[in-house]
Amino acid sequence: MVVVIVVAALAVLALVTQVGVFLAERAHPAQGRMIEVAGGALHILDIGPRDAAGPPVVMLHGASSNLEVMRQPVGELLSRKHRVILIDRPGHGWSTRARLEDSTPEIQARMVEEALAKIGVTSAIFVVHSWSGALGARIALDYPQAVAGLVMLAPVAYPWPGGVGRYNRLIATPVIGPLFAYTITLPLGLLLVDSGSRGVFLPQTMPDGFVRNTATPLLLRPREFIANARDLVTLKDAVAGQSPRYGEIKAPVTIITGEADKTVSTDRHSRPFAAAAPNVKLIVLPGVGHMIQQAVPDLVIAEVEAMVAALPSVEAAAAH
(Lines give C-alpha, C1' and ligand atoms only; values in the text may rest on other atoms or scores of the structure.)
Protein backbone atom coordinates (compact mmCIF):
# COMPACT_ATOMS: atom_id res chain seq x y z
CA MET A 1 0.00 0.00 0.00
CA VAL A 2 2.83 2.38 0.84
CA VAL A 3 4.45 1.69 -2.54
CA VAL A 4 1.16 2.32 -4.32
CA ILE A 5 0.71 5.63 -2.50
CA VAL A 6 4.26 6.75 -3.31
CA VAL A 7 3.93 5.82 -6.99
CA ALA A 8 0.58 7.59 -7.20
CA ALA A 9 2.01 10.72 -5.55
CA LEU A 10 4.96 10.76 -7.97
CA ALA A 11 2.58 10.34 -10.90
CA VAL A 12 0.53 13.32 -9.73
CA LEU A 13 3.68 15.41 -9.25
CA ALA A 14 4.91 14.42 -12.71
CA LEU A 15 1.60 15.55 -14.20
CA VAL A 16 1.74 18.82 -12.24
CA THR A 17 5.29 19.33 -13.55
CA GLN A 18 4.24 18.85 -17.17
CA VAL A 19 1.40 21.32 -16.74
CA GLY A 20 3.83 23.75 -15.11
CA VAL A 21 6.27 23.40 -18.00
CA PHE A 22 3.48 24.11 -20.50
CA LEU A 23 2.37 27.21 -18.60
CA ALA A 24 5.91 28.53 -18.11
CA GLU A 25 6.77 28.14 -21.79
CA ARG A 26 3.52 29.76 -22.86
CA ALA A 27 4.13 32.70 -20.51
CA HIS A 28 7.77 33.13 -21.62
CA PRO A 29 8.07 32.23 -25.32
CA ALA A 30 11.34 32.47 -27.25
CA GLN A 31 12.03 36.04 -28.37
CA GLY A 32 14.90 35.43 -30.78
CA ARG A 33 15.99 32.84 -33.32
CA MET A 34 17.58 29.43 -33.05
CA ILE A 35 21.07 28.83 -34.46
CA GLU A 36 22.07 25.21 -34.97
CA VAL A 37 25.55 24.29 -33.73
CA ALA A 38 27.34 21.01 -33.11
CA GLY A 39 25.71 19.56 -30.01
CA GLY A 40 22.60 21.72 -29.85
CA ALA A 41 20.86 24.92 -30.91
CA LEU A 42 21.40 28.33 -29.34
CA HIS A 43 18.63 30.85 -28.84
CA ILE A 44 19.96 34.27 -29.86
CA LEU A 45 18.25 37.63 -29.47
CA ASP A 46 19.85 40.23 -31.75
CA ILE A 47 18.84 43.83 -30.93
CA GLY A 48 20.06 47.31 -31.73
CA PRO A 49 21.37 48.80 -34.98
CA ARG A 50 23.26 46.33 -37.17
CA ASP A 51 25.35 49.16 -38.66
CA ALA A 52 26.46 50.62 -35.32
CA ALA A 53 30.08 51.73 -35.01
CA GLY A 54 32.39 49.36 -33.19
CA PRO A 55 32.06 45.66 -32.54
CA PRO A 56 28.80 44.08 -31.38
CA VAL A 57 28.25 43.48 -27.67
CA VAL A 58 27.62 39.82 -26.78
CA MET A 59 26.01 39.23 -23.37
CA LEU A 60 26.21 35.88 -21.55
CA HIS A 61 24.24 35.09 -18.39
CA GLY A 62 25.29 33.08 -15.37
CA ALA A 63 23.79 30.05 -13.67
CA SER A 64 20.10 29.65 -12.83
CA SER A 65 19.05 32.25 -15.40
CA ASN A 66 18.70 33.10 -19.07
CA LEU A 67 19.35 35.94 -21.50
CA GLU A 68 16.59 38.12 -20.01
CA VAL A 69 18.78 38.72 -16.94
CA MET A 70 21.30 40.42 -19.23
CA ARG A 71 18.73 42.17 -21.42
CA GLN A 72 17.05 44.00 -18.55
CA PRO A 73 18.14 46.72 -18.18
CA VAL A 74 21.71 46.77 -19.52
CA GLY A 75 21.20 45.05 -22.88
CA GLU A 76 18.23 47.21 -23.80
CA LEU A 77 20.04 50.42 -22.87
CA LEU A 78 23.20 49.42 -24.76
CA SER A 79 21.11 48.54 -27.83
CA ARG A 80 20.23 52.20 -28.31
CA LYS A 81 23.73 52.73 -29.75
CA HIS A 82 25.17 49.26 -30.29
CA ARG A 83 24.29 45.93 -31.80
CA VAL A 84 23.65 43.71 -28.80
CA ILE A 85 23.53 39.91 -29.05
CA LEU A 86 22.02 38.07 -26.10
CA ILE A 87 22.47 34.31 -25.90
CA ASP A 88 20.79 31.64 -23.81
CA ARG A 89 23.68 29.38 -22.81
CA PRO A 90 23.41 25.74 -23.99
CA GLY A 91 20.63 24.00 -22.06
CA HIS A 92 19.25 27.25 -20.60
CA GLY A 93 16.28 29.35 -21.59
CA TRP A 94 15.32 28.24 -25.08
CA SER A 95 18.76 26.92 -26.04
CA THR A 96 19.27 23.17 -26.19
CA ARG A 97 22.18 20.81 -25.80
CA ALA A 98 22.13 17.25 -26.97
CA ARG A 99 24.39 15.97 -24.19
CA LEU A 100 24.01 16.91 -20.54
CA GLU A 101 27.77 16.34 -20.28
CA ASP A 102 28.39 19.46 -22.38
CA SER A 103 28.45 21.55 -19.23
CA THR A 104 31.94 23.03 -19.18
CA PRO A 105 33.13 26.48 -20.27
CA GLU A 106 35.36 24.81 -22.86
CA ILE A 107 32.47 23.11 -24.67
CA GLN A 108 30.06 26.01 -24.29
CA ALA A 109 32.72 28.42 -25.60
CA ARG A 110 32.96 26.33 -28.76
CA MET A 111 29.18 26.35 -29.20
CA VAL A 112 28.92 30.12 -28.65
CA GLU A 113 31.78 30.86 -31.04
CA GLU A 114 30.22 28.62 -33.70
CA ALA A 115 26.83 30.32 -33.36
CA LEU A 116 28.36 33.78 -33.62
CA ALA A 117 30.34 32.80 -36.70
CA LYS A 118 27.12 31.56 -38.31
CA ILE A 119 25.52 34.98 -37.92
CA GLY A 120 28.61 36.74 -39.23
CA VAL A 121 30.06 38.00 -35.93
CA THR A 122 33.81 37.45 -35.95
CA SER A 123 34.77 39.85 -33.14
CA ALA A 124 32.79 41.27 -30.23
CA ILE A 125 32.93 42.75 -26.77
CA PHE A 126 31.69 40.10 -24.35
CA VAL A 127 29.78 41.09 -21.22
CA VAL A 128 29.65 38.08 -18.90
CA HIS A 129 28.11 37.52 -15.47
CA SER A 130 28.94 35.08 -12.67
CA TRP A 131 29.26 31.50 -14.09
CA SER A 132 29.92 33.02 -17.49
CA GLY A 133 33.02 34.74 -16.12
CA ALA A 134 34.68 31.36 -16.63
CA LEU A 135 33.02 31.08 -20.04
CA GLY A 136 34.17 34.54 -21.17
CA ALA A 137 37.70 33.76 -20.05
CA ARG A 138 37.61 30.48 -21.95
CA ILE A 139 36.42 32.17 -25.14
CA ALA A 140 39.26 34.68 -24.80
CA LEU A 141 41.73 31.81 -24.37
CA ASP A 142 40.50 29.49 -27.12
CA TYR A 143 39.21 32.06 -29.64
CA PRO A 144 41.27 35.21 -29.01
CA GLN A 145 40.39 36.66 -32.41
CA ALA A 146 36.70 36.65 -31.41
CA VAL A 147 37.18 38.79 -28.28
CA ALA A 148 37.74 42.49 -28.83
CA GLY A 149 37.20 43.09 -25.14
CA LEU A 150 35.79 41.42 -22.04
CA VAL A 151 33.62 43.02 -19.35
CA MET A 152 33.21 40.64 -16.42
CA LEU A 153 30.50 41.15 -13.80
CA ALA A 154 31.06 39.32 -10.49
CA PRO A 155 32.88 36.57 -12.41
CA VAL A 156 33.67 33.03 -11.35
CA ALA A 157 37.27 32.34 -12.38
CA TYR A 158 38.99 30.07 -9.83
CA PRO A 159 38.28 27.02 -7.67
CA TRP A 160 36.64 27.73 -4.33
CA PRO A 161 36.40 25.85 -1.01
CA GLY A 162 33.34 23.67 -0.55
CA GLY A 163 30.78 22.68 -3.16
CA VAL A 164 27.72 24.12 -4.89
CA GLY A 165 24.86 22.83 -2.75
CA ARG A 166 23.79 19.26 -2.10
CA TYR A 167 20.65 19.58 -4.18
CA ASN A 168 22.72 20.37 -7.28
CA ARG A 169 24.77 17.21 -6.77
CA LEU A 170 21.56 15.26 -6.23
CA ILE A 171 19.94 16.61 -9.41
CA ALA A 172 23.12 15.93 -11.40
CA THR A 173 23.15 12.29 -10.28
CA PRO A 174 21.94 9.78 -12.90
CA VAL A 175 18.48 8.24 -12.33
CA ILE A 176 17.89 9.89 -8.96
CA GLY A 177 18.34 13.40 -10.33
CA PRO A 178 15.82 13.06 -13.17
CA LEU A 179 13.35 11.39 -10.79
CA PHE A 180 13.37 14.48 -8.59
CA ALA A 181 13.56 16.93 -11.51
CA TYR A 182 10.52 15.47 -13.26
CA THR A 183 8.38 15.32 -10.12
CA ILE A 184 9.27 17.55 -7.17
CA THR A 185 11.51 20.32 -8.48
CA LEU A 186 8.96 22.49 -10.27
CA PRO A 187 6.19 22.50 -7.63
CA LEU A 188 8.71 23.04 -4.84
CA GLY A 189 10.71 25.53 -6.88
CA LEU A 190 7.68 27.73 -7.50
CA LEU A 191 7.37 28.11 -3.73
CA LEU A 192 11.06 28.94 -3.24
CA VAL A 193 12.12 30.80 -6.38
CA ASP A 194 11.18 34.26 -5.11
CA SER A 195 13.06 33.99 -1.80
CA GLY A 196 16.01 32.34 -3.53
CA SER A 197 16.25 35.13 -6.06
CA ARG A 198 16.05 37.76 -3.32
CA GLY A 199 19.01 36.12 -1.61
CA VAL A 200 21.22 36.49 -4.69
CA PHE A 201 20.53 40.25 -4.75
CA LEU A 202 21.57 40.94 -1.16
CA PRO A 203 22.42 43.45 0.18
CA GLN A 204 20.50 45.12 -2.66
CA THR A 205 16.74 44.66 -2.98
CA MET A 206 15.38 42.56 -5.82
CA PRO A 207 13.28 44.69 -8.21
CA ASP A 208 9.54 44.10 -8.12
CA GLY A 209 8.48 41.58 -10.72
CA PHE A 210 12.05 40.40 -11.38
CA VAL A 211 11.21 36.66 -11.36
CA ARG A 212 8.32 37.10 -13.78
CA ASN A 213 10.00 39.69 -16.01
CA THR A 214 13.16 37.64 -16.50
CA ALA A 215 11.44 34.35 -17.31
CA THR A 216 13.05 32.75 -14.26
CA PRO A 217 10.32 30.04 -14.01
CA LEU A 218 11.83 28.46 -17.15
CA LEU A 219 14.69 27.29 -14.91
CA LEU A 220 12.32 24.93 -13.12
CA ARG A 221 11.67 22.86 -16.24
CA PRO A 222 13.29 19.45 -15.67
CA ARG A 223 15.71 19.47 -18.61
CA GLU A 224 16.97 22.98 -17.75
CA PHE A 225 17.18 22.31 -14.02
CA ILE A 226 19.34 19.25 -14.67
CA ALA A 227 21.54 21.16 -17.15
CA ASN A 228 22.00 23.97 -14.63
CA ALA A 229 22.97 21.52 -11.90
CA ARG A 230 25.54 19.87 -14.15
CA ASP A 231 26.99 23.29 -15.06
CA LEU A 232 27.47 24.01 -11.37
CA VAL A 233 28.90 20.69 -10.23
CA THR A 234 31.46 20.55 -13.06
CA LEU A 235 32.58 24.20 -12.89
CA LYS A 236 35.10 23.87 -10.06
CA ASP A 237 37.24 21.33 -11.89
CA ALA A 238 36.86 23.31 -15.11
CA VAL A 239 38.23 26.55 -13.66
CA ALA A 240 41.00 24.64 -11.91
CA GLY A 241 42.08 23.42 -15.34
CA GLN A 242 41.91 26.73 -17.19
CA SER A 243 42.97 29.26 -14.54
CA PRO A 244 46.74 28.69 -14.98
CA ARG A 245 46.33 30.03 -18.55
CA TYR A 246 44.81 33.42 -17.69
CA GLY A 247 48.12 35.14 -18.30
CA GLU A 248 47.65 34.30 -22.01
CA ILE A 249 44.57 36.53 -22.36
CA LYS A 250 45.47 39.47 -24.56
CA ALA A 251 42.08 41.21 -24.83
CA PRO A 252 41.42 44.21 -22.58
CA VAL A 253 39.39 43.18 -19.55
CA THR A 254 37.26 45.21 -17.16
CA ILE A 255 36.00 43.51 -14.00
CA ILE A 256 33.16 45.05 -11.98
CA THR A 257 32.51 43.28 -8.70
CA GLY A 258 30.94 43.93 -5.32
CA GLU A 259 32.73 43.82 -2.00
CA ALA A 260 29.49 42.56 -0.40
CA ASP A 261 28.99 39.68 -2.86
CA LYS A 262 28.22 36.52 -0.86
CA THR A 263 27.64 34.38 -3.96
CA VAL A 264 30.99 34.80 -5.75
CA SER A 265 33.86 36.07 -3.60
CA THR A 266 35.70 39.09 -4.97
CA ASP A 267 38.87 38.09 -3.11
CA ARG A 268 38.82 34.53 -4.45
CA HIS A 269 37.94 35.30 -8.07
CA SER A 270 38.17 38.90 -9.30
CA ARG A 271 41.33 40.05 -7.53
CA PRO A 272 43.41 36.98 -8.50
CA PHE A 273 42.19 37.24 -12.11
CA ALA A 274 43.16 40.91 -12.22
CA ALA A 275 46.63 39.95 -11.00
CA ALA A 276 47.00 37.08 -13.48
CA ALA A 277 45.83 38.56 -16.78
CA PRO A 278 47.96 41.30 -18.35
CA ASN A 279 45.42 43.98 -19.30
CA VAL A 280 42.78 44.20 -16.56
CA LYS A 281 40.92 47.10 -15.00
CA LEU A 282 39.39 46.08 -11.66
CA ILE A 283 36.49 48.00 -10.13
CA VAL A 284 35.44 46.87 -6.65
CA LEU A 285 32.25 48.44 -5.33
CA PRO A 286 31.71 48.65 -1.56
CA GLY A 287 28.28 47.58 -0.36
CA VAL A 288 27.32 45.95 -3.68
CA GLY A 289 26.28 42.32 -4.04
CA HIS A 290 26.21 39.79 -6.85
CA MET A 291 23.73 41.29 -9.33
CA ILE A 292 26.03 43.95 -10.73
CA GLN A 293 23.98 44.58 -13.88
CA GLN A 294 20.94 45.39 -11.76
CA ALA A 295 22.75 47.31 -9.01
CA VAL A 296 24.86 49.63 -11.21
CA PRO A 297 23.61 49.41 -14.82
CA ASP A 298 24.90 52.89 -15.67
CA LEU A 299 28.43 51.93 -14.60
CA VAL A 300 28.34 48.73 -16.66
CA ILE A 301 27.22 50.69 -19.72
CA ALA A 302 29.87 53.37 -19.13
CA GLU A 303 32.61 50.74 -18.95
CA VAL A 304 31.42 49.05 -22.14
CA GLU A 305 31.36 52.45 -23.87
CA ALA A 306 34.87 53.20 -22.59
CA MET A 307 36.12 49.89 -23.94
CA VAL A 308 34.55 50.57 -27.34
CA ALA A 309 36.14 54.03 -27.42
CA ALA A 310 39.56 52.63 -26.52
CA LEU A 311 39.57 49.80 -29.05
CA PRO A 312 41.23 51.60 -32.00
CA SER A 313 44.21 52.56 -29.85
CA VAL A 314 44.37 49.06 -28.36
CA GLU A 315 44.30 47.47 -31.83
CA ALA A 316 46.93 49.93 -33.08
CA ALA A 317 49.20 49.13 -30.15
CA ALA A 318 48.78 45.42 -30.81
CA ALA A 319 49.77 45.93 -34.44
CA HIS A 320 53.07 47.45 -33.34
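In the chain, the C-alpha radius of gyration followed by the widest Cα-Cα span (Dmax) gives 19.4, 79 angstrom. Stretching the chain fully between Ser195 and Ala240 yields a gain of 13.1 nm (0.36 nm per residue, less the alpha carbon separation).
What angle, in degrees between 0 and 90 and rounded to the nearest 10, separates the Cα long axis of helix 2-27 from the longest principal axis of the Cα atoms of the chain? Tilt relative to the chain: about 40 degrees. Against the main long axis of the alpha-carbon atoms of the chain, helix 131-142 sits at an angle near 50°. Springs join every pair of Cα atoms under 10 Å in this Gaussian network model of the chain, and among Trp160, Trp94, Trp131 the largest mean-square fluctuation is at Trp160. Solvent-accessible surface (1.4 Å probe) assigned to Leu282 amounts to roughly 60 Å².
At R0 = 45 Å, how high is the FRET efficiency between Val4 and Glu36 if r is their beta carbon distance? Nearest 0.05 is fine. E between Val4 and Glu36, to the nearest 0.05, is 0.50. Summarising the amide proton neighbourhood of Tyr182: residues at separation of 5 or more, or on other chains, whose placed amide H is nearer than 5 Å comprise an empty set. Measuring against 29 Å, Cα to Cα, the residue pairs Lys81/Lys250; Lys81/Lys236; Lys81/Lys281; Lys236/Lys281 contain Lys81/Lys236 as the ones spanning a longer distance.
Using heavy atoms of the protein chains and a probe of 1.4 Å, the accessible area assigned to Val12 is about 90 Å². Evaluated with a Cβ-only charge set (Lys, Arg +1; Asp, Glu -1), the chain carries a dipole of roughly 380 debye about its Cα centre, given to the nearest 20. One chain, two ends: Arg223 and Leu179. Fully extended at 0.36 nm per residue, the span grows by 14.7 nm beyond their Cα-Cα distance. Heavy-atom surface analysis with a 1.4 Å probe gives the chain a carbon and sulfur content of 62 percent of its accessible area. FRET efficiency for the Ala117 to Leu15 pair, using the beta carbon distance and R₀ = 56 Å, is estimated at 0.85. Among Ala52, Ala41, Ala229, the residue with the largest mean-square fluctuation in a Gaussian network model of the chain, with springs joining Cα atoms closer than 10 Å, is Ala52. Excluding residues fewer than 8 places away in the same chain, name every one of the aspartates and glutamates whose C-alpha is closer than 14 Å to that of Lys118. Cα-Cα hits under 14 Å: Glu36, Asp46. With all protein chains kept in place, the per residue accessible area of the chain amounts to 43 square angstrom at a probe of 1.4 angstrom. Taking the longest Cα principal axis of the chain as reference, the axis of helix 105-118 is set at about 70 degrees. Projecting the Cα atoms of Ile85, Gln18, Pro312 onto the charge dipole of the chain (Cβ charges, centred on the Cα centre) puts Gln18 farthest toward the positive pole.
The values are calculated or read from the model by the stated rules, or taken from the named source; none is laboratory data. In this text, all values refer to a predicted model and were calculated from it rather than measured experimentally. Positions of Cβ are backbone-derived with ideal geometry, glycine not excepted, and every protein chain shown enters the neighbour counts. These accessible areas exclude ligands, DNA and RNA; they are computed on the full protein's heavy atoms, side chains included. Shrake-Rupley method; radii C 1.70, N 1.55, O 1.52, S 1.80 Å.
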